[in-house]
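Heads up: the structure comes next, in structure tokens.
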Amino acid sequence: MTGIAYFAHDLADPAVHRRVRFLQMGGATEIAVLGFRRGDRAVADVAGLVPVELARTHDRRLLHRALATARALVAGGRWRAQLEGAEVVLARNLEMLLIAAVARRRFAPRARLVYECLDIHRLMLARGPAGAALRRLERALLAECDLLLLSSPDYDWRYFRPVHGARTPPICLLENKVLSTELPGLPAERRPALPAGPPPGPPWRIGWFGNLHCRRSLHLLAGLAARSGGAVQVVLRGRPQRGAMPDFDAVVAATPGMTFHGAYDRPADLAAIYGDVHLVWAIDLYDAGGNSDWLLMNRLYEGGLYGVVPIALASVATGRWLRRRGTGLLLEAGQPIEAALDAAMARLDAASYRAARAAVAARPLSDFVHDARDSAALVAALHGQIAALPPSLRMPEEEEERAAMREVTP
């Protein structure tokens, strides 16, 4: 018997491991993790739990993933033990929701079905028959769901509500904040000591960290560093998706002032890597006009926790999040990003930087960190106690957010 059966799209994804740790923080002790293995990345455990591997898939090979999903559906009997008696079946992403819904019907018909959607794939917005078929599938599965977990309000306002309307179940807003357990020794309600950081003033150091997949961002940062004549340095750390950026290594090698330092150990290295930069790149243009405009990325919270000033587009969800809090170096709409970026960096001096950093440091810890109360509330919501969600896990008032949208939309 399992309290929560968690179907994950990629057992090696650090975000999947963080989600399991978050559930454990909230008192969930009986968790079964089932999911796909991407490529050759073997996974011995997920947050201390031995996972059930459903099939092997590969990045950016959607047909292969579809076939793996079909095979997993056929072979569902192999993991009957993980489902029978489950109270909650939680699925991350659409293909896992399909598998989870079928498994629930067969082995745990009384379990609550929860859909965790942390991005909107471009295929879901496609106008052709493939996009229409995926939306119909999602609409049918949503009708079976008891709860929807979203990492940004825009996913509801810009996608679920207009596309699926009344089929959308109750929502828990689960932003990509740092977990309090990732900050060992941190007293409750107190943020960690801010790293001293590099001295304010040129060369300005911009960090782009995490899952690096936006080729446009790579070229924007390379161009900025090249034009600056040494006044701007760019530090890259994390996992570059070279399939999306085939020229990644060539661009880094050819750009003075741009360096790549490889992967890092999260959370052990967060303080060190953010303490090495003045600014964090909080712009994503990989799916401009869709998911990239709607997301709230990890760097927004990690950088804020350590007092680093984010660079963001004012007109997207990240920019509105920052504007409401009076923080960030925001690039306003109305001119090319290159020009807006050059102008913003030209205006930056020691005094304005100190003021921007102080504004970030003044924000409460709850802006950036999920604590044990949040995790306990999530576990309760998974089990049906939705009315007890705290403000930190609730969608913001729609009218307030729509007013902010109108303010920044040309």
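For region 338-401, which whole-number percentage of the solvent-accessible area (1.4 Å probe, protein heavy atoms only) is attributable to carbon and sulfur atoms? Ligands and nucleic acids excluded, carbon and sulfur reach 58 percent.
Placing one equal scatterer on every Cα of region 270-360 and applying the Debye formula, the log10 ratio I(q)/I(0) at q = 0.17, 0.23 Å⁻¹ is -0.70, -1.24.
Summed over the residues of region 175-305 and divided among them, the accessible surface reaches 38 Å² per residue at a probe radius of 1.4 Å.
Across all C-alpha atoms in region 259-410, the radius of gyration and Dmax reach 16.9, 52 Å.
Along region 224-235 the Karplus relation, 6.51 cos²θ - 1.76 cosθ + 1.60 evaluated at θ = phi - 60°, assigns HN-Hα couplings of 4, 4, 5, 6, 6, x, x, 7, 10, 10, 10, 10 Hz to successive residues, with x for each Gly and Pro. Considering only Cα atoms, the convex hull volume of region 173-277 works out to 127 Å³ per residue. I'd like the trypsin sites (Lys or Arg not before Pro) in region 221-285 restricted to DSSP loop residues with at most 16 other Cβ atoms within 10 Å, sorted by number. Passing sites in region 221-285 are Arg242. Using the Cβ-Cβ distance between Val50 and Arg161 with R0 set to 41 Å, the FRET efficiency from 1/(1 + (r/R0)^6) comes to roughly 0.60.
Remark: relative contact order (the chain) = 15 percent; criterion is Cα-Cα distance under 8 angstrom and separation of 6 or more residues. Computed over the chain, the per-residue total of -39500 (n - 2.57) for DSSP H runs of n ≥ 4 gives a 222 nm mean residue ellipticity of -10500 deg cm²/dmol, rounded to 500.
Take region 327-380 with all the other protein chains still there, run a 1.4 Å probe, and you get 44 Å² of accessible area per residue. Compactness of the chain, taken as the C-alpha radius of gyration over 2.2 N^0.38 Å, stands at 0.99.
The Cα center of region 261-321 and the Cα center of region 14-52 differ in position by 24 Å. Measuring nothing but protein heavy atoms, the accessible surface of region 210-249 at 1.4 Å probe radius is 49 percent carbon and sulfur. Kirkwood's formula applied to the C-alpha pairs of region 233-317 gives a hydrodynamic radius of 14.1 angstrom. Taking every C-alpha pair closer than 8 Å and separated by at least 6 residues, the mean separation divided by the residue count of region 220-289 gives a relative contact order of 31 percent. If R0 equals 22 Å, the separation of the Cβ atoms of Glu338 and Ala250 corresponds to a calculated FRET efficiency of about 0.65.
The values are calculated or read from the model by the stated rules, or taken from the named source; none is laboratory data. This is a predicted model, so every value here is computed, not measured. With ideal geometry, Cβ positions are generated from the backbone for all residues, glycine too; neighbour counts draw on all protein chains shown. Remember, those area values only see protein heavy atoms, side chains included, never the ligands or the DNA or RNA. Shrake-Rupley method; radii C 1.70, N 1.55, O 1.52, S 1.80 Å.
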